[in-house]
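Some notes on the structure that comes next.
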Amino acid sequence: MSNSVLFDAPGPKTVVRHRLYALGTAVVLLGLAWWIYDGFNDAGQFDYEKKWEVFTTPDFIRALLVDGLLKTLQMAFGAILGAIVFGVVFGVAKLSDHAWIRWPATIVVEFFRAVPVLLLMVFTWFSLGIKQDNSSFWAVVIALTLYNGAVLAEVLRAGINAVPKGQGEAAYAIGMRKTQVMSSILLPQGVKIMLPALVSQCIVALKDTALGTLVLAPGLTKVGTQIYLEFNNRVPTMFVVAALYITVNLLLTLLANWLQKRYVGEKKPLELTAVGNLNGGAGGAGGTI
Amino acid sequence: MRIRKAFAATAVGLFAATALVACGDAGSDDKEGVEVEAKDDCDDKFEEGSRMAELAAAGKINVGHKDDQPGLGFEGATDDRPSGFDIEIAKLLVADLCIDPEGDGVNWEVTISDNREPFLEQGKVDLVLASYSITEDRRLKVGQAGPYLVTGQQLLVKADSDVESIEDLKGKEVCSVTGSTSIERIDEKGAKGVGFDSYSECVAKVLDGTVEGMSTDGTILAGFAAENEGQLKVVGETFSEENIGVGYSKAEPEMCEWINDVLTASFDDGGWAEAFEITLGPSGVEVPDPPALDPCA
Amino acid sequence: MDAITENWDLYFRSFGYTVTLFVIAAVLSMLFGTLLCALRVGPVAIMRAAATTYVTLVRNTPLVVVFAFFSFAAPMFGLTFSFLDVHIGQFDFTEAFGAAVVSMTLYTSAFVCEALRSGINAVPLGQAEAARAVGLTFGGTMTQVVLPQAIRASVPPLASVQIAMLKNTSVAAAFGILEAVGQMRRFTNNFSSQRTEIFIFFALGYVILVLLLSFAASRLERKWRIA
């Protein structure tokens with residue numbers, strides 16, 4: 001639905017009124033920006049020597065990018081790979097004709113969607129045996145795998161359900177077996193529909209790695225904390241960390257849009273948020289945030 | 001892999017850009033620390049089969065520490081190894097096992113409140129020096145020798161505040177760290193503890209006036225007061241006693257006597273006082289008398 | 001076991017904070033998210049741009065950073081919530097609570113806006129056209145015709161967003177609120193020998209809350225389903 005459906009083409013009076021609105025909004029936004037800038041400035045937050053020099057020091061840039069961003073990306077990447085496997089297995093299991101497969105799968109998926117990911121991380125961390133090296137890294141990866149995998153299982157189920165009925169019926173008609181129909185007809189199309197949602201889930205995973213600091217995992221927030229504890233520059237560090245997250249996430253969003261154009265065409269994207277409760281079940285614990 | 005490549009390109013680009021514009025030079029002054037020489041008398045110092053003999057023979061030890069408490073145990077983003085009072089004491093213990101405290105034989109492992117006991121129980125670390133208060137509940141699971149530091153909780157308020165002690169803040173909010181022992185004591189005193197993630201965050205809250213005061217160990221507070229001279233002050237008597245000890249595994253009770261011996265030696269030869277002076281001294285804390293050690297069970 | 005069983009009052013009080021924070025932020029984020037969404041599809045270009053930028057930025061920022069902004073950065077330009085000083089029974093709603101509510105609200109609003117936009121897409125074209133045909137303005141079209149249907153159509157995604165927020169309230173533990181995860185961390189510090197039991201009790205608390213919320217959402221969805 002294009003915007004113009006919601007309102008008529010403006011007449012001369014309305015044009016004037018809209019210009020006034022626009023002006024008002026601009027004044028308010030600029031005022032807000034100035035207020036914030038001025039406050040930070042008075043508090044000395046833009047003082048290069050004290051607050052910002054660390055971000056132009058090569059050692060710290062390396063720490064931020066290599067110990068920070070790269071580790072964060074590795075954790076998110078590992079978690080997404082795991083989540084895809086988990087999601088496909090449990091998504092298909094939830095569609096099974098056999099109740100003894102369907103029900104356990106449903107319970108597992110619903111459980112992992114309901115527990116806060118932070119608690120999952122701590123759980124995994126302890127059950128992994130803290131003794132192993134890199135256990136906190138893997139705790140984050142596994143917790144995010146379980147959580148995002150559970151969400152993806154739902155997405156995949158919705159994706160497969162969105163494949164036109166005729167496809168499966170035609171496949172049965174030419175004599176394919178149930179496994180064949182699923183693996184060569186429904187799943188490929190379902191996955192295709194699921195792609196953009198998958199990338200959105202990457203963003204969620206990436207943002208959730210920030211919670212890893214609480215189980216001693218490396219990553220961007222960890223390095224950020226070390227920096228502001230050493231240089232007492234909470235606000236500048238916050239801006240730098242936020243800027244890095246936003247940049248990477250926007251790149252991922254671009255990727256999502258490109259994937260969608262390439263593989264799904266101009267069809268309406270499968271909104272991740274829209275797949276919680278399609279069938280009115282007791283689900284709905286989406287992982288969109 | 002495309003993401004990896006794009007990432008590498010961006011990283012290189014950023015590097016080049018900053019190199020061209022201006023290279024900052026933040027935080028390059030090295031942390032002070034006492035030079036501790038490893039001993040070389042370990043061949044028959046320890047009873048055979050004891051954990052100390054094993055560690056000395058292996059030449060390797062894992063030490064758990066904190067990385068977010070400047071002055072006690074802190075590790076910056078670019079530091080090779082941690083620094084602080086806990087670390088200095090750890091170095092004394094390590095050196096007594098004939099392991100070079102500055103060398104590769106020591107593996108410094110970050111611990112937080114949640115994992116100190118599991119780390120010890122599972123043998124991931126041999127010693128914990130992580131501002132580890134001695135409590136009854138903890139002694140159920142692990143051994144704690146010492147204390148090597150006795151601190152008391154005090155109150156940090158704005159310099160122009162009328163508050164003189166924790167009693168003046170009954171029913172008011174006082175900042176401390178979530179899940180720390182300090183926050184429990186605040187509640188016991190009738191004030192309301194609000195928990196943040198680190199003490200420097202509490203300092204920010206006191207400075208901007210959104211909480212009236214913060215409370216934790218006096219040694220830590222003194223550091224913050226010195227950092228913000230004229231804006232913050234430490235007030236009131238200490239209202240709790242925290243005994244900071246060395247954690248070891250319960251499976252190795254022989255560690256206790258050894259730890260106490262090393263601590264006693266450092267009390268006597270001035271090593272303890274020097275460590276205090278160099279780590280906590282700069283924030284204006286007087287070197288106290290060494291604490292009395294708990295006897296080993 | 002006795003860590004929890006002897007401290008049920010603390011356990012329930014902490015979940016009380018979780019629920020209060022959730023309910024207030026849920027209501028406010030629905031209101032603000034709807035407003036944002038209206039701006040995003042409205043006729044004034046600069047408002048559209050502002051709302052779109054807001055949603056893009058906030059959606060891509062970790063919640064921890066939003067919290068940090070209102071707890072530590074906002075007081076620097078004079079925005080504090082010190083005026084808030086409400087005490088009800090055992091519960092205190094003060095500065096930190098204000099900052100938490102604002103952070104949760106502003107963060108979640110961006111997601112509410114996205115969910116609603118998908119709902120607006122689901123409203124048949126003829127509805128808006130008919131509204132304009134009978135002479136309703138943009139405001140009238142939105143409030144009388146489009147939004148009521150859009151909100152009904154987007155119950156499932158909105159429920160997902162709010163459930164995610166319920167779990168996200170755990171971040172407030174690091175910003176001065178003694179909600180469930182904050183209380184859990186106090187328990188695990190005081191009773192370190194009973195850590196596993198403590199975790200399980202708190203995880204169960206969350207599972208029950210999420211199930212309740214899912215149940216309410218599916219009831220609402222069935223009741224409101226557009227025939």
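The values are calculated or read from the model by the stated rules, or taken from the named source; none is laboratory data. Since we're looking at a predicted model, the values are computed, not measured. Note that each Cβ is placed from the backbone with ideal geometry, even for glycine, and that neighbours are counted across all protein chains shown. Ligands, DNA and RNA are excluded from the accessible area calculation, which covers all protein heavy atoms including side chains. Shrake-Rupley method; radii C 1.70, N 1.55, O 1.52, S 1.80 Å.
Some values worked out for this structure:
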read-out	value
Residue-averaged 222 nm ellipticity for the protein assembly as shown, from DSSP H runs of 4+ at -39500 (n - 2.57), nearest 500	-18000 deg cm²/dmol
Amide proton proximity set for B:LEU149, modelled H, under 5 Å, gap of 5+	B:ILE244
Accessible area of the protein assembly as shown belonging to carbon and sulfur atoms, whole % at 1.4 Å probe	59
Amide proton proximity set for B:ASN62, modelled H, under 5 Å, gap of 5+	B:ASN107, B:ASP126, B:LEU127
Which of C:MET30, A:MET121 is most accessible, then next, and so on - probe 1.4 Å	C:MET30, A:MET121
Part-to-part distance (alpha-carbon centres) for segment C:40-116 and segment A:1-52, which is given in Å	17
Buried accessible area, chains A and B (both chains, 1.4 Å probe, Å² to nearest 100)	3100
3J(HN,Hα) from dihedral phi, segment B:231-239, Karplus parametrisation 6.51/-1.76/1.60, rounded to Hz, x for glycine, proline	10, 10, 9, 8, 10, x, 6, 5, 10
Minimum 50 Å² accessible area buried by the other protein chains, segment A:218-267 residues, probe 1.4 Å, relative to alone	A:GLN226, A:LEU229, A:GLU230, A:ARG234, A:MET238, A:ILE246
Scattering profile of chain B at q = 0.11 Å⁻¹ [log10 I(q)/I(0), Debye over alpha-carbon scatterers]	-0.73
C:PHE81 long-range amide H proximity, modeled H, under 5 Å	none
Taking N as its residue count, the alpha carbon Rg of chain C over 2.2 N^0.38 Å	1.17
Sparsely packed trypsin sites (Lys or Arg not before Pro) within segment C:1-107, loop by DSSP, other Cβ within 10 Å at most 10	none
Net charge dipole size for the protein assembly as shown [Lys, Arg +1 and Asp, Glu -1 on Cβ; Debye, nearest 20]	7760
Partner chain coverage, peptide B:204-213 - average Cβ within 10 angstrom	5
Heavy-atom accessible area per residue - chain A, 1.4 Å, Å²	45
Segment A:185-191 - phi-based ³J(HN,Hα) in whole Hz, Karplus 6.51/-1.76/1.60, Gly and Pro as x	10, 6, 4, x, 6, x, 4
For chain C, built as a Gaussian network whose Cα springs stay under 10 Å, the top-fluctuating residue of C:ILE24, C:ILE88, C:ILE177	C:ILE88
Cβ charges +1 (Lys, Arg) and -1 (Asp, Glu), total dipole of segment A:48-275, debye	540
Occluded residues from segment A:42-64, i.e. those whose accessible area drops by 10 Å² or more once the chain is not alone (1.4 Å probe)	A:ALA43, A:GLN45, A:TYR48, A:GLU53, A:THR56, A:THR57, A:PRO58, A:ASP59, A:PHE60, A:ILE61, A:ARG62, A:ALA63
Minimum 10 Å² accessible area buried by the other protein chains, segment C:66-84 residues, probe 1.4 Å, relative to alone	C:ALA68, C:PHE69, C:SER71, C:PHE72, C:ALA73, C:PRO75, C:MET76, C:PHE77, C:LEU79, C:THR80, C:SER82
Chains B and C together, accessible area buried on both sides, 1.4 angstrom probe, square angstrom	2200
Hz values of 3J(HN,Hα) by residue in segment B:242-258 - Karplus curve (6.51, -1.76, 1.60), Gly and Pro given as x	9, 9, 8, x, 9, x, 9, 6, 5, 6, 10, x, 5, 4, 4, 4, 4
Spatially close lysines, pair count over segment A:48-275: Cα under 15 Å, gap of eight or more or interchain	8
Residue pairs, from the table B:LYS192/B:LYS233; B:LYS66/B:LYS192; B:LYS39/B:LYS124; B:LYS124/B:LYS205, whose Cα atoms sit over 30 Å apart	B:LYS124/B:LYS205
Shielding by partners, peptide C:169-178 (average Cβ within 10 angstrom, other chains)	6
Kirkwood-Stokes translational diffusion coefficient of segment A:48-275, alpha-carbon pairs, 10 °C, 1.306 mPa s, µm²/s	82
Surface/4 of the Cα convex hull for segment B:153-235, nm²	4.4
Summed buried accessible surface, chains C and A, 1.4 Å probe, nearest 100 Å²	5300
Proximal lysines to A:LYS13, defined as alpha-carbon separation beneath 26 angstrom and excluding residues fewer than eight positions away on the same chain	none
